[in-house]
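The values are calculated or read from the model by the stated rules, or taken from the named source; none is laboratory data. Fair warning: this is a prediction, and the values are worked out from it, not measured in the lab. Reconstructed Cβ throughout: ideal geometry from the backbone, glycine too, with neighbour counts over all protein chains shown. Accessible surface is based on the protein model in full, side chains and every heavy atom, while ligands, DNA and RNA are left aside. Shrake-Rupley method; radii C 1.70, N 1.55, O 1.52, S 1.80 Å.
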Amino acid sequence: MSEPHGEKPIKKIAAAANQAARAESASAPVRHYRTVLFRVALVFVAGAFAGLTFLVKTIPFFATDLRITKAIQMINFPAFAILMSLISWPGFSPQAMIISALIILLIYGFGLHWEAVMALIATVTSTAIDVLVKDLIQRPRPLPAQVNVFAKLTSYSFPSGHVMFYVCFFGFIGFLAFSLLKPSLKRSLLLVFFGGLVVLIGVSRVYLGEHWASDVLGSYLLGSLTLVAIIQFYLWGKTRFFVHQPVAEAEPQRT
């Protein structure tokens with residue numbers, strides 16, 4: 001009897017995840033060293049964000065912010081301007097909701113139910129934190145008198161909602177691709193694509209004059225902390241929720 005059509009890609013993902021997890025296994029001392037280093041990095045990132053937030057709350061913008069924006073906006077290549085606009089486009093509504101919904105449904109369709117739930121959580125969490133911090137800090141956006149502003153936005157500037165969304169959502173999708181797919185051209189292309197979005201969105205927001213560089217930096221710091229929390233919750237819930245999904249036993253790689 002032939003297998004149902006939907007089970008084949010699920011089994012391939014499960015086998016690839018198991019193979020990748022075995023390949024990435026490390027000795028106990030190495031894992032301990034990585035854990036300590038990772039925790040130190042988290043403390044550093046949290047401290048850097050706290051310090052930057054304090055400065056941003058008291059200073060409308062920094063002289064360095066203005067210099068960085070002017071330097072980036074001196075790039076006059078039309079192709080670069082188009083690229084920067086394209087990079088930011090998926091982060092605006094309604095396309096942000098549509099794109100994230102389609103990706104979540106695709107993940108769910110592959111039988112990765114817990115992964116789909118966590119992708120939804122990543123979307124909602126990044127948006128909620130962004131709105132909360134914006135309302136607390138209330139930093140004004142760059143003005144047309146200061147830099148070239150491509151589109152005037154009415155929300156506050158710190159942190160950047162685009163960067164938060166890209167780091168948390170696209171970063172989590174990249175994590176799933178890294179941990180559930182075996183090394184291959186397909187995995188490499190997915191990592192380059194999602195990684196490229198995360199890296200370039202910061203440059204895009206500054207180039208378009210809609211955020212200061214310090215907004216972007218703070219968003220990367222806060223987004224990284226949020227992404228770590230999302231991944232840790234995903235790993236914790238992997239063996240507790242949706243345990244009967246076809247790939248539940250496929251343990252993802254730990255970073």
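Among the residues of segment 192-236, the one identified as in a helix (DSSP H, G or I), farther than 20 Å from THR123 by Cβ and charged (D, E, K, R) is ASP215. Annotation: PHE170 fulfils all but one of (1) among the hydrophobic types (A, V, I, L, M, F, W, C); (2) open to solvent by 20 Å² or more (accessible area, probe 1.4 Å); (3) touching a Phe, Trp or Tyr at 6+ places or on another chain (Cβ under 9 Å); (4) free of Cβ contacts under 8 Å to residues at least 40 places away in the same chain; the unmet one is (2).
Tell me whether segment 96-107 contains one or more residues that are more than 17 Å from the chain's Cα centre (by Cα), under 23 Å from SER214 (Cα atoms) and surrounded by 12 or more Cβ atoms within 10 Å (Cβ to Cβ). Within segment 96-107 (the criterion being more than 17 Å from the chain's Cα centre (by Cα), under 23 Å from SER214 (Cα atoms) and surrounded by 12 or more Cβ atoms within 10 Å (Cβ to Cβ)), the answer is no, since none of the residues qualifies.
Of everything in segment 149-163, what is open to solvent by 80 Å² or more (accessible area, probe 1.4 Å) and either at pLDDT below 90 or on the phi > 0 side of the Ramachandran plot (or both)? Give them in sequence order. Listed by number, the residues that qualify are PHE150, LYS152, THR154. When we screen ALA177, ALA128 for residues that are open to solvent by less than 50 Å² (accessible area, probe 1.4 Å) and either more than 22 Å from LEU225 (Cα to Cα) or without any contact (Cβ under 8 Å) to a residue 24 or more places away in the chain (or both), the only hit is ALA177.
Rundown of residues vs (1) at pLDDT 95 or above; (2) open to solvent by 10 Å² or more (accessible area, probe 1.4 Å), yes/no style:
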position	(1), (2)
VAL198	yes, yes
ILE201	yes, no
SER204	yes, no
LEU217	yes, yes
GLN232	no, yes
LEU235	no, yes
PHE242	no, yes
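With respect to the conditions (1) in contact with a Phe, Trp or Tyr (Cβ under 6 Å, 6 or more places away or on another chain); (2) open to solvent by 20 Å² or more (accessible area, probe 1.4 Å); (3) in contact (Cβ under 8 Å) with a residue 60 or more places away in the chain, VAL117 falls short on a single one, namely (1). Here PHE61 meets each of (1) under 29 Å from ASN148 (Cα atoms); (2) surrounded by fewer than 17 Cβ atoms within 10 Å (Cβ to Cβ) with one exception, condition (2). Could you say whether any residue in segment 130-146 is of a type in the set (Gly, Ala, Ser) and at pLDDT 95 or above? No: zero hits.
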